[in-house]
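These notes concern the structure reproduced below.
Taken together, the values in this text are just the output of simple stated rules run on the coordinates, not laboratory data. None of the values given here were measured: they were computed from a predicted structure. Here the Cβ positions follow ideal geometry from the backbone for every residue, glycine too, while neighbour counts run over all protein chains shown.
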Amino acid sequence: MATSSAILQTEALGIRFGGLQALKDFTIALPERSLCALIGPNGAGKTTAFNLITGVYHPTEGRITFAGEDIAKVPQYRRTAKGICRTFQNIRLFRELTVLDNVRIAFTLSMGYPAWEAVFRLPRARIEERRIAKESHELLRLFDLDDQSDLIASSLPYGEQRRLEIARALATKPRLLLLDEPAAGMNPQETADLLALIRRVRDEFNCTILLIEHDMKVVAGLSEHVWVLDHGELICDGPYSEVCRNPRVISAYLGSEEE
């Protein structure tokens, strides 16, 4: 893919854990406002790639550039502030907090005042808290969750918890949203609703989306470009219609050609 408009680029990115090369020569470019996928068998290095992009791990070789800035050594919290956010395969909500509070906490990254002003309930803090509450309700309304705002997050059905996790991620105002197996555990109707939701998120929030997904119907239905990992190395990339016919992909991930 062309790199001139890429919001995220990785160049020969790699990481070792002791003697294990978990990811090697990982080079991708994500055009701004694109919707792309990273696929591969279990253990291929997909989550490792996400962890490198978000700052959970720091690479042992290569570069990561976000919006023109080398972020390979930037800590995780600063990458979030710069506009990189993710969801997880296993939903990680604040399960004992309300639906509303899950989103409000994420909005605090954009607070325009120091914490001590909130402690003393100074005017600027009260104004900002009202803004956060208003924007939190608006975001929940977009995800059809406003009626459940006072419910405990763990009480929501699985599909709604997924929607809440994406809503919470969007509260950080990301420019790049990484979705780790968003359709995992969903039934066909929930999956269909999710596809429509992800497209809507990209279009309405003007963000770039990269997803890890094992459901090939989701990948085929959403992705403009696909990268395929196997044993820590990229083996193929291109539109899904081409990738799914690649012999190396068929062998490594999609099954034999006879299946």
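Could you tell me which of THR208, LEU222, MET186 has its Cα farthest along the dipole of the chain towards the positive end, charges placed at Cβ (Lys, Arg +1; Asp, Glu -1), taken about the Cα centre? Looking along the dipole axis, the top candidate is THR208. Holding the Cα-Cα limit at 26 Å, pick out from LYS73/LYS173; LYS134/LYS217; LYS73/LYS217; LYS24/LYS217 the pairs that are longer than that. Check vs 26 Å cut-off fails for LYS134/LYS217; LYS73/LYS217; LYS24/LYS217. The trypsin sites (Lys or Arg not before Pro) of the stretch 1-99 that DSSP puts in a loop, and whose beta carbon has at most 13 other beta carbons within 10 Å, are LYS73, ARG92, ARG95. Among GLY19, GLY43, GLY232, the largest mean-square fluctuation in a Gaussian network model of the chain, built with springs joining Cα atoms closer than 10 Å, belongs to GLY19. With the simple spin-label model, which puts each label point 7 Å out from Cα in the Cβ direction, the ARG95 to GLU135 separation comes to 2.9 nm.
Estimated from helices alone, the mean residue ellipticity of the chain at 222 nm is -10500 deg cm²/dmol (sum of -39500 (n - 2.57) over DSSP H runs with n ≥ 4, per residue). The Rg/Rh ratio of the chain, with Rg taken over Cα atoms and Rh as the Kirkwood radius over Cα pairs, comes to 0.99.
What is the stretch 152-259 by shape, rounded, prolate or oblate, if you read a ≥ b ≥ c off the alpha carbon gyration tensor as root eigenvalues and call it rounded for a/c under 1.5, prolate for a/b larger than b/c, and oblate otherwise? Because a/c hits 1.5 or more and a/b exceeds b/c, the stretch 152-259 counts as prolate.
Over all directions, the projected convex hull of the C-alpha atoms in the stretch 196-254 averages 4.2 nm² in area. Per the Debye calculation on the stretch 136-203 with a single equal scatterer at every Cα and no solvent contribution, log₁₀ I(q)/I(0) for q = 0.13 Å⁻¹ amounts to -0.34.
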